[in-house]
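Q: One structure follows; several queries about it will come next.
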Amino acid sequence: PEDTVTGSFASFISAARPEHLSQTVRQRSKRMILDSLGVGLVGSTTRVFDIALRYCRVRTAPTPPMTLREPSFPQHPADTPSSLFPWQTHSMDFDDTWHPATHPSGAVLPALLAASQMLPPNTKPTGLDFLLAFNVGLEVQGRLMHFSTEAHDIPKRFHPPSVVGTLGSAAATAKLLSLSPAQSCHALGIAASLAGAPMANAATQAKPLHVGNATRLGLEAALLAARGMEANPLILDDIPGCSGFGAFYSVYQPKPLPAPGQHHQFLLEKQDIAFKRFPAHLGMHWVVDAALSVRNLFVNQAGSFSPSLIRSIVLKIPVSKYINRPFPSSEHQARHSFQFNACAALLDGEVGLGSFSESSIQRQELRELLDKVVVEHPEDNMANFDKMYGEVALLLHTGDVLTGKCDTFYGHWRKPLSMESLLKKFRSNASHVLPEEKIEALITLVDNLENLSDSSQL
């Protein structure tokens with residue numbers, strides 16, 4: 001029934017039309033698509049992706065090998081199956097982030113790329129169809145997260161993309177395949193049974209699987225619903241004594257999704273997205289900007305950065321166990337360490353792709369700085385990407401104290417990247433895989449996505 005929460009979501013998926021997307025929503029979502037493509041391309045150079053690629057080549061080989069020895073395949077990134085793209089986008093934790101906290105594009109974009117390739121030539125969706133389905137997937141994720149106050153804070157139990165991302169992928173695919181409201185309802189129900197991953201696997205090589213599985217399983221949920229599989233049609237509703245989607249949250253208060261049209265405003269219209277300038281957990285961007293600020297004060301006072309003049313480094317950060325890592329020993333731990341990112345920024349004057357290499361992590365001078373770090377958790381510093389701040393104070397042997405603070409880093413939705421900065425990031429990331437002419441062609445393709453007759457060209 002349409003008067004249920006789940007029914008309202010299914011009706012929204014079916015009823016959404018291109019004219020419901022404002023110019024702001026279109027432009028913001030195209031920026032997200034371009035950034036995600038670039039992040040995915042550079043992600044194909046990682047160890048995580050290499051493991052996943054070799055596994056999938058064995059799994060999809062025409063004649064499976066009798067042992068675990070792998071068949072011989074060319075190693076060029078162009079041979080990558082589209083199903084691996086979500087693992088690429090999150091392999092460096094370089095993908096976009098929203099509030100409440102999730103990685104919205106990585107769970108939706110690859111599903112739509114795969115579905116576009118899968119459909120027969122005479123039924124290929126247009127670029128405008130693609131853009132609409134992408135925004136439907138974003139909207140479903142955002143609305144689901146607003147059902148719980150718990151979701152507004154940095155997560156503790158489930159990694160959000162593995163929860164809302166799975167249903168976002170199912171919704172986006174259902175829209176692209178033009179499923180009926182009843183089929184869309186079942187797609188959401190099936191996806192809910194495939195969702196969820198624990199936060200304990202953050203800062204490990206398994207974390208990119210969360211986004212990868214959200215994409216793949218959401219796509220499969222829509223395909224199963226299209227073939228007649230059914231699920232609980234009240235999966236998003238709060239039914240006493242029978243947990244549905246609310247099982248993922250300690251507090252769950254669902255509301256119907258208004259029909260698209262005059263009285264509905266997409267969440268992306270109200271709030272922009274956060275794009276990362278370097279590949280690490282979003283929380284790191286506050287402490288890096290704070291560290292760079294205090295580093296400039298230090299250099300202006302001392303003439304150069306000299307770690308020997310520093311007695312201790314005080315970080316004022318929110319309480320969050322999985323990103324409070326005093327001595328990270330791997331690249332994935334380093335990407336989730338307030339201490340590492342602050343010290344890397346102090347030592348090098350920047351944080352970038354190379355900051356998380358093994359040689360960079362194991363530097364003696366960096367380890368010496370980490371030994372000087374003291375962590376404080378001020379009561380006013382919330383574990384919330386909309387309210388938190390990062391503060392880095394240097395206590396010098398002279399007795400002087402230098403302080404840098406950041407409450408909104410460059411790239412946050414309150415301080416979005418300029419188009420120039422976004423293009424610079426995309427070109428840098430894509431250049432690890434593509435020649436210049438293909439990079440520029442892809443930029444043009446995304447910029448004119450509404451006019452594309454066949455979205456599988458992406």
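Q: Pop out the carbon and sulfur fraction of the accessible area of the stretch 282-406 as a percent, whole number, probe 1.4 Å. Walk me through the numbers before you get to the answer.
A: Details: 2480 of 5260 Å².
Carbon and sulfur atoms account for 47 percent of the accessible area of the stretch 282-406.
Q: Can you compute the modelled spin-label distance between Asp3 and Ser357, with each label point 7 Å from Cα toward Cβ, in nm?
A: Label-label distance for Asp3 and Ser357, simple model: 6.5 nm.
Q: Okay, helix-only estimate at 222 nm for the chain: each DSSP H run of n ≥ 4 adds -39500 (n - 2.57), divide by all residues, round to 500 deg cm²/dmol; what do you get?
A: Working: 17 runs with 207 residues, N = 458.
Value at 222 nm, helices only: -14000 deg cm²/dmol.
Q: Still on this structure, I have one more. Counting only C-alpha contacts under 8 Å and six or more residues apart, can you give the relative contact order of the stretch 291-437 as a whole percent?
A: Relative contact order here is 30 percent.
Q: Work out, step by step, the length gained on full extension between Asn296 and Cys242: first 0.36 nm times the residue separation, then minus their alpha carbon distance; give nm to one decimal. Could the numbers behind the result be given before it?
A: Details: separation 54, 0.36 × 54 = 19.44 nm, distance 5.63 nm.
The span from Asn296 to Cys242 would gain 13.8 nm if fully extended.
Q: Return a whole-number percent for the relative contact order of the chain, with Cα pairs under 8 Å and 6 or more residues apart as the contact set.
A: Details: 863 pairs, mean separation 98.4, N = 458.
Rounded, it is 21 percent for the chain.
Q: Does anyone have the angle between helix 436-447 and the longest principal axis of the chain? Alpha-carbon axes, 0 to 90°, nearest 10?
A: Rounded to the nearest ten degrees, it is 60.
Q: Quick one: dipole size for the stretch 282-406, taken about the Cα centre, charges +1 on Lys/Arg Cβ and -1 on Asp/Glu Cβ, in debye to the nearest 20. Write out the running numbers ahead of the final one.
A: Working: 11 positive and 14 negative charges, 26 e Å.
The calculated dipole for the stretch 282-406 is roughly 120 debye.
Q: If you don't mind, there's one more thing I want to ask. In whole percent, what relative contact order does the stretch 137-274 give with Cα contacts below 8 Å and a gap of six or more residues? Display every interim value, and only then the final one.
A: Numbers: 194 pairs, mean separation 43.7, N = 138.
Normalised by residue count, the contact order of the stretch 137-274 is 32 percent.
Q: Which of the lysines could a cross-linker span from Lys255 if the Cα-Cα distance has to be under 27 Å and same-chain partners fewer than 8 positions apart are dropped?
A: Candidates past the 8-residue exclusion: Lys156, Lys175, Lys270, Lys387.
Q: Using a 1.4 Å probe, how large is the accessible area of Val251, given in Å² and rounded to the nearest 10?
A: 60 Å²
Q: How large are Rg and Dmax for the chain when only the alpha carbon atoms are used, in Å?
A: When restricted to Cα atoms, the chain yields Rg and Dmax of 22.5, 74 Å.
Q: A further question follows. How far, in degrees from 0 to 90, does helix 284-302 lean away from the longest principal axis of the Cα atoms of the chain, to the nearest 10?
A: Value to nearest ten degrees: 20.
Q: Now for a different question. Through the Karplus equation 6.51 cos²θ - 1.76 cosθ + 1.60, θ set to phi - 60°, convert the phi angles of the stretch 421-427 into ³J(HN,Hα) values in whole Hz; use x for Gly and Pro.
A: For the stretch 421-427, the Karplus curve yields 5, 5, 5, 4, 4, 4, 4 Hz.
Q: In terms of modelled amide H atoms, which long-range or inter-chain residues lie less than 5 Å from the amide H of Arg311?
A: Residues meeting the amide H criterion: Leu395, Leu396, His397.
Q: Would you mind calculating the gained length between Asp454 and Thr408 on full extension (0.36 nm times residue separation, minus the Cα-Cα distance), in nm to one decimal? Numbers along the way, then the final one.
A: Details: separation 46, 0.36 × 46 = 16.56 nm, distance 3.90 nm.
Stretched out fully, the Asp454 to Thr408 stretch lengthens by 12.7 nm.
Q: How much length, in nm to one decimal, is gained on full extension between Arg54 and Thr149, taken as 0.36 nm per residue of separation minus their Cα-Cα distance?
A: On the way: separation 95, 0.36 × 95 = 34.20 nm, distance 4.04 nm.
My answer for the length gained is 30.2 nm.
Q: So if we plug the beta-carbon distance of Arg427 and Gln253 into 1/(1 + (r/R0)^6) with R0 = 35 Å, what FRET efficiency do we get, rounded to 0.05?
A: Details: r = 44 Å, r/R0 = 1.25.
Rounded to the nearest 0.05, the efficiency is 0.20.
Q: Any idea how far apart His264 and Ala182 come out in nm if each label point goes 7 Å out from Cα toward Cβ?
A: In this crude spin-label approximation the distance works out to 2.1 nm.
Q: Using only the Cα atoms of the stretch 147-305, build the gyration tensor, take square roots of its eigenvalues as a ≥ b ≥ c, and label the shape rounded, prolate or oblate: rounded if a/c is under 1.5, else prolate if a/b is larger than b/c, else oblate.
A: prolate
Q: Give, as ranges by residue number, the residues of the stretch 243-270 whose backbone N falls under 16 Å from the point 7 Å along Cα→Cβ of Thr24.
A: 261-270
Q: Where a ≥ b ≥ c are the square roots of the eigenvalues of the C-alpha gyration tensor, would you call the stretch 282-406 rounded, which needs a/c under 1.5, or, failing that, prolate if a/b is larger than b/c, or oblate? Kindly include the intermediate steps, with their values, before the conclusion.
A: On the way: a/c = 1.64, a/b = 1.10, b/c = 1.48.
Here the stretch 282-406 falls in the oblate category.
Q: Taking +1 at the Cβ of each Lys and Arg and -1 at the Cβ of each Asp and Glu, which of Ala383, Thr408, Ser306 sits farthest along the dipole of the chain towards its positive end, judged by Cα position relative to the Cα centre?
A: So the residue we want is Ser306.
Q: Ala441 versus Ala15, label points 7 Å from Cα toward the beta carbon: distance in nm?
A: 4.2 nm
Q: At 1.4 Å probe radius, can you tell me the per residue accessible area of the chain in Å²? The partial results should precede the final answer.
A: Values: 18920 Å² over 458 residues.
In whole numbers, the chain has 41 Å² accessible per residue.
Q: Which one of Phe134, His159, His146 has its Cα pushed farthest toward the positive end of the charge dipole of the stretch 122-164, where Lys and Arg give +1 and Asp and Glu give -1 at the Cβ?
A: His159
Q: What accessible area, in Å² to the nearest ten, does a 1.4 Å probe give for Tyr389?
A: Only protein atoms counted, so the area is about 20 Å².
The values are calculated or read from the model by the stated rules, or taken from the named source; none is laboratory data. Only a predicted model underlies this, so the values are computations on that prediction, with no experimental measurement involved. As a convention, Cβ positions derive from the backbone with ideal geometry for all residues, glycine included, and neighbour counts pool all protein chains shown. SASA here: full protein model, heavy atoms, side chains in, ligands and nucleic acids out. Shrake-Rupley method; radii C 1.70, N 1.55, O 1.52, S 1.80 Å.
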